[in-house]
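As structure tokens, the structure follows; a few thoughts come after it.
The values are calculated or read from the model by the stated rules, or taken from the named source; none is laboratory data. Since the model is a prediction, treat every value here as computed from it, not as a measurement. Here Cβ is always computed from backbone atoms with ideal geometry, including for glycine, and neighbour counts include all displayed protein chains. Only protein heavy atoms, including side chains, enter the accessible area calculation; ligands, DNA and RNA are left aside. Shrake-Rupley method; radii C 1.70, N 1.55, O 1.52, S 1.80 Å.
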Amino acid sequence: RKEVEQDPGPFNVPEGATVAFNCTYSNSASQSFFWYRQDCRKEPKLLMSVYSSGNEDGRFTAQLNRASQYISLLIRDSKLSDSATYLCVVNKAGTTDSWGKLQFGAGTQVVVTP
Amino acid sequence: GAVVSQHPSWVICKSGTSVKIECRSLDFQATTMFWYRQFPKQSLMLMATSNEGSKATYEQGVEKDKFLINHASLTLSTLTVTSAHPEDSSFYICSARDGYRGHTDTQYFGPGTRLTVL
């Protein structure tokens, strides 16, 4: 089983609509969670950190469910510029050599259409 | 803030040659830098962790003699792909962790280097 699993999509979303997707992680010792955005042939860029109580940044809302070990991202009022691959990222934990390291999901592709 | 640069952005080389990639943190001191590789449609795979002034630690399956990493200062780490072969063609991305501010697990990524080995 992969440490971080994501639905690869693509999620085809009409402009202005809402889209949500999850990722699951296997390491219950993980404490830090992030969503990164990656455009085609570009580097990942931090979209937002995910906090235990859930957090919102403009049109983006992230939720964390520790009991079920999943993280969600919701995008409201989708813009064409939101088209990208969204990477779920979790810190590695539990071993002495895992400190500071991140584990990446393969990404969920979102395509916003006019 | 938290800008990471990477050079070159792309490189094409012949099989058997060596390629050096530089990663610089421009506005902060990076106590730790990470080197990743990403193949098409796949997730980023951590290759090695580079700490300033000490030897890099490599992930399982990554040959340390093939991928030489040097982290000579708090703002520069280099990855040298030695005797490159076509299977080394990939997108190499570095990231830097700023341990002095913000969330200590947050990594800031360079723009990546696309390596093509002919």
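Side notes on the structure shown:
- Search result, residues across region B:1-26 that are assigned to a loop (DSSP other than H, G, I, E, B), open to solvent by less than 60 Å² (accessible area, probe 1.4 Å) and β-branched (Val, Ile, Thr): B:Thr17
- The residues in region B:29-59 that are among the polar types (S, T, N, Q), within 11 Å of another protein chain (Cβ to nearest Cβ) and more than 22 Å from A:Tyr36 (Cβ to Cβ) can be counted, and the count is 2.
- Just one residue in the set A:Ser68, A:Ser52 is within 14 Å of another protein chain (Cβ to nearest Cβ), modelled with pLDDT under 95 and surrounded by fewer than 15 Cβ atoms within 10 Å (Cβ to Cβ); that residue is A:Ser52.
- Qualifying residue in region B:62-80 (condition: surrounded by fewer than 16 Cβ atoms within 10 Å (Cβ to Cβ), away from every other protein chain (no Cβ under 14 Å), of a type outside the set (A, V, I, L, M, F, W, C) and in contact (Cβ under 8 Å) with a residue 60 or more places away in the chain): yes
- Residues that are within 14 Å of chain B (Cβ to nearest Cβ), surrounded by fewer than 21 Cβ atoms within 10 Å (Cβ to Cβ) and either at pLDDT 90 or above or part of a strand (DSSP E or B) (or both) within region A:85-114 comprise A:Ala106, A:Gln109, listed in sequence order.
- Only a single criterion out of (1) assigned to a strand (DSSP E or B); (2) at positive phi is not satisfied by A:Arg41, namely (1).
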